[in-house]
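Reading through the C-alpha cells given below for one structure.
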Amino acid sequence: MKAEKKDEEFFDVSALMDERFGKKGTPERAEAEEKAYAFYTGQIVEDARKKAKISQAELARRIGSNRSYVSRIEHGQTEPKISTFYRIMNALGCRIEYSMQL
C-alpha cells in the first residue's frame, strides 16, 4: 500500500512507516526502531542535562565516565545500559516513573 494523503491534513502513518522502513517485524524496521529509541533516549538525557544547567563533562564526572560518552548518548550514537541511564537521571536530579498499560 502506497502512503497517500487522505485529505489536506491527514495521511496514513502506518503505510508511510511500511514504505520507508519496511513492514513490522522485518530487520529494516527493527533497525529503524532501534535508531529511533537511541535518538529519543539521547534527547531525554540532553534536555534533562540542560535543565540541570550542567555540562557534558560535569555529567560524565558524576557518573564516572567521560564527556565523549555523554555526547555519543545525546547524539543517539549509543544507548546506555539501563543501569547507566538510571545513574544519569539520578545525577541530574530526575525521578524515573513507570506505569503499566492494561
Query raised in the report: Looking at the square roots a ≥ b ≥ c of the eigenvalues of the Cα gyration tensor of segment 22-72, which shape do they give, rounded for a/c under 1.5, prolate if a/b is larger than b/c, or oblate?
Result: prolate
Requested in this report: Under 27 Å between C-alpha atoms is the cut-off here; go through the chain and count lysine pairs that meet it, provided they're at least eight residues apart or on different chains.
Outcome: 18
Query - Choice from Thr78, Thr26, Thr41 showing the highest fluctuation, given a GNM over the chain with Cα pairs closer than 10 Å - result: Thr26
Query raised in the report: Using unit Cβ charges (K, R positive; D, E negative) and no other charged atoms, how large, in debye to the nearest 20, is the dipole of segment 13-89 about its Cα centre?
Result: 480
Requested in this report: Go ahead and set up a Gaussian network model of the chain, Cα springs under 10 Å, then flag whichever of Glu31, Glu46, Glu19 fluctuates most.
Outcome: Glu19
Query raised in the report: Over the chain, what lengths in whole Å, largest first, do the semi-axes of the equivalent ellipsoid take, defined as the square roots of 5 times the eigenvalues of the alpha-carbon gyration tensor?
Result: 34, 15, 14
Report task. For segment 58-94, run through the trypsin sites (Lys or Arg not before Pro) and keep only the ones in DSSP coil with at most 13 other Cβ atoms within 10 Å of their Cβ. Result -> Lys81
Query - Separation in nanometres of the label points that stand 7 Å from Cα toward Cβ, at Arg20 and Lys53 - result: 3.7
Query - Kyte-Doolittle mean at least -1.0 and Cα axial length at least 15 Å: DSSP H helices in the chain - result: none
Query raised in the report: Along the charge dipole of segment 13-89, Cβ charges K/R +1 and D/E -1, which of Phe21, Ile82, Phe39 sits furthest on the positive end?
Result: Ile82
Query raised in the report: So which GluC sites (Glu not before Pro) in segment 56-100 end up in coil per DSSP with only 16 or fewer other C-beta atoms within 10 Å?
Result: Glu97
Query - Longest site-free stretch - the chain; sites: chymotrypsin sites (Phe, Trp or Tyr not before Pro), DSSP loop, at most 13 other Cβ within 10 Å - result: 11-97
Query raised in the report: Gain in length, Glu9 to Arg29, computed as 0.36 nm per residue apart minus the alpha-carbon separation, to one decimal in nm?
Result: 4.7 nm
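Just so you know, all these numbers are worked out from the coordinates, no wet-lab data involved. Since the model is a prediction, treat every value here as computed from it, not as a measurement. Backbone-built Cβ (ideal geometry, glycine too); neighbour counts: all protein chains shown.
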